[in-house]
Amino acid sequence: MISGRTLWTSAHAGWTSAHARWTKALLCLVMACCAVSARSAQRDIYPPPERASADLAAALSMAAATHKRVIVDFGGNWCTDCHVLDLYFHDAANEPLLESGYLLVHVNIGRLNENLDIAARYQIPLDRGVPALAVLGEHGDLLYSQKTGEFEAMRGMKSSAVTDFLVHWRPPT
């Protein structure tokens with residue numbers, strides 16, 4: 001014999017299960033919309049590939065005049081880790097370090113098929129992944145070249161890794 005309480009409990013369990021399925025579906029839909037929105041809101045940080053040589057020349061000229069170092073950031077607008085690195089460069093802890101001692105030049109490598117000559121000049125092995133960084137002295141001399149993809153997995157790194165990098169390579173005072 002089934003009591004009224006048993007029927008209500010069974011009906012309530014069915015309703016709870018249906019409610020949970022709808023909630024889960026709605027949550028998945030909202031998350032998907034947020035992901036699309038975040039991707040579309042991502043700004044282009046790498047200029048067109050054909051600007052790389054001119055941007056680099058201008059930065060080297062300014063570095064000589066201001067006694068700053070040049071960070072050459074190789075990557076592409078499609079690269080999530082490149083966007084994370086750029087966010088870390090410009091966060092509250094790192095932006096003052098960046099602004100006081102460096103000029104940042106973004107070099108667009110397309111789909112690993114653009115500006116390969118510039119990457120080779122600064123000994124950047126693009127097959128190790130991007131973002132990849134080189135640090136140049138105020139007169140254009142190569143001080144550091146990322147050889148092992150140190151920043152290739154920025155999504156799993158903290159901003160403090162960028163802080164350590166900037167502190168290590170900052171110009172002498």
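For the range 136-156, the set of residues classified as of a type in the set (A, V, I, L, M) and free of Cβ contacts under 8 Å to residues at least 40 places away in the same chain consists of 142 only. Reported count of residues in the range 135-160, each being farther than 20 Å from residue 65 by Cβ and surrounded by 15 or more Cβ atoms within 10 Å (Cβ to Cβ), is 10. Scanning the range 55-103 for residues that are over 19 Å from residue 124 (Cβ atoms), out of contact with any Pro (no Cβ under 7 Å at 6 or more places or on another chain) and among the charged types (D, E, K, R) turns up 91, 95, 99.
Can we say residue 57 is farther than 18 Å from residue 161 by Cα, of a type in the set (Gly, Ala, Ser) and in contact with a His (Cβ under 8 Å, 6 or more places away or on another chain)? Against the criterion (farther than 18 Å from residue 161 by Cα, of a type in the set (Gly, Ala, Ser) and in contact with a His (Cβ under 8 Å, 6 or more places away or on another chain)), residue 57 does not qualify. When 143, 103, 60, 87 are checked against the criterion of being among the aliphatic types (A, V, I, L, M), out of contact with any Phe, Trp or Tyr (no Cβ under 9 Å at 6 or more places or on another chain) and outside any helix (DSSP H, G or I), 103 stands alone in meeting it.
Taken over the range 88-117, the criterion of being closer than 18 Å to residue 158 by Cβ and in contact (Cβ under 8 Å) with a residue 24 or more places away in the chain is satisfied by 88, 89, 91, 93, 94, 97, 98. For the range 126-135, the criterion of being touching a residue at least 24 places away in the same chain (Cβ under 8 Å) and part of a helix (DSSP H, G or I) is met by at least one residue.
Quick note: the coordinates plus some simple rules give every number you see, no bench work behind them. Please read all numbers here as calculations on a predicted model, not as lab measurements. As a convention, Cβ positions derive from the backbone with ideal geometry for all residues, glycine included, and neighbour counts pool all protein chains shown.
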